[in-house]
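Notes for the one structure printed next.
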Amino acid sequence: MQDVCKHCYGATGIHEAEKTIPDKVMEVILAEAKYIASSITITGGEPATFPHMTRRICNESGLPVFVMTNGMKLIEGITPASVLFSLDANDARPGINPDTILKNVLGYNCNLACNTVLTSDLDLLSYFEKMKALNKKLLSRGQHLREWKLGFVIDRGRATKHRNLFPDIDVVFKQLRQLLITYFEDPPFHLAIRGFLYTKFLTDAYLQSIKNFKLQEKRNPCLDCYGRGEILTVNTEGRVQMCTVHRTVSEPITDSLIDAVLKLLQRNEFTALTYRDWSECHSCRYWNICGGGCPSLAENYGGSWTGKDTFQCTIMGK
Ligand code: SF4
Ligand code: SF4
């Protein structure tokens, strides 16, 4: 199964695509997850690669389950709370027909959300038409498209080897402008646009920080990160991780998931760090907003844990 998107800019995640949580650990998770979580999200490696595991989590955990999938294969016998699927340009995943993906995900009979990354070949307006048609079908059966997230391919991770995927920025803006004009005539669903449109110039935090500048010396990017504070991640080795992307600070799940989480909460390798540890950012005026970015990404892109997250530097226009 083709389960790797060429445009992926991630440098983290699973190490062995064919591996998943050991059965013994899965039993523990199925027994205890309901006591410490309000929902479960199953994400990459592609859940359709592990249909048995995905079915067990959906059917036996007693929690609402969200599935993130590339949509290339329908996982039979599950009724998730919602499915987030990827619908990208053909050049990102060659040979993929977007209509097949849409047909597959409708097979889940639940609310859907869609993630689309703009690459060079994407005809945004025709994708918008597809999304509207999808939403119409969902509404006719009492469901809806929760969100259409649009992102932009950037020069990071695997994508660096596929520069032909990078869209012409003028074409993207032209298409985006047309999309927004059509969208706001009658917004059919929630639209989220991620990427370089979120610049420092658009954030309230930035405006606030230049009005009353006071260096936040205690700032630590992990302390207020959604990936750490709201989400508990179990990786393919059956360990609970401190955050969604960082694998090093983790604890094995043996007899009890709750015990593993309690042990993890006592670790403070990340969270005890402050401004003085991020020496490479000392000359940066965006520290209060950025706080060094994501340390795990900084490390994965070849730097150090407390080095600059150069992705963040790009977004900040540094
Ligand atoms: S390493 Fe990155 S993703 Fe993990 S908690 Fe810190 S900022 Fe968030
Ligand atoms: S923009 Fe770059 S240099 Fe500035 S705080 Fe963020 S990571 Fe550090």
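A few remarks follow.
- Residues of the stretch 259-268 satisfying the condition of being touching a residue at least 24 places away in the same chain (Cβ under 8 Å) and surrounded by fewer than 16 Cβ atoms within 10 Å (Cβ to Cβ): R267
- Within the stretch 50-68, being crowded, with 19+ Cβ neighbours inside 10 Å and in a helix (DSSP H, G or I) holds for T54, I57, C58.
- Subset of the stretch 277-288 [over 25 Å from the mean Cα position of the chain (by Cα) and in a helix (DSSP H, G or I)]: D277, S279, E280, C281
- Close pairs (6 angstrom Cβ cut-off, 6 or more residues apart or separate chains): modelled with pLDDT of 80 or more in the stretch 210-226, surrounded by 14 or more Cβ atoms within 10 Å (Cβ to Cβ) and of a type in the set (A, V, I, L, M, F, W, C) anywhere: N220/L273; C222/F270
- Selection within the stretch 101-152 - in a loop (DSSP other than H, G, I, E, B), within 14 Å of Q175 (Cβ to Cβ) and either hydrophobic (A, V, I, L, M, F, W, C) or modelled with pLDDT of 95 or more (or both): L122
- E280, sole failed condition from (1) farther than 30 Å from A33 by Cβ; (2) loosely packed, with under 13 Cβ neighbours inside 10 Å: (2)
- Filtered residues of the stretch 289-305 (kept if surrounded by fewer than 20 Cβ atoms within 10 Å (Cβ to Cβ) and either near ligand 2 (Cβ under 9 Å from one of its atoms) or part of a loop (DSSP other than H, G, I, E, B) (or both)): I289, Y301, G302, G303, S304, W305
- Among the criteria (1) under 25 Å from the mean Cα position of the chain (by Cα); (2) within 19 Å of L215 (Cα to Cα); (3) aliphatic (A, V, I, L, M); (4) not in a helix (DSSP H, G or I), the one V240 does not fulfil is (2).
The values are calculated or read from the model by the stated rules, or taken from the named source; none is laboratory data. Treat the numbers as computed from the prediction; the structure is a model and nothing was measured. Virtual Cβ from ideal backbone geometry, glycine too; neighbours counted across all protein chains shown.
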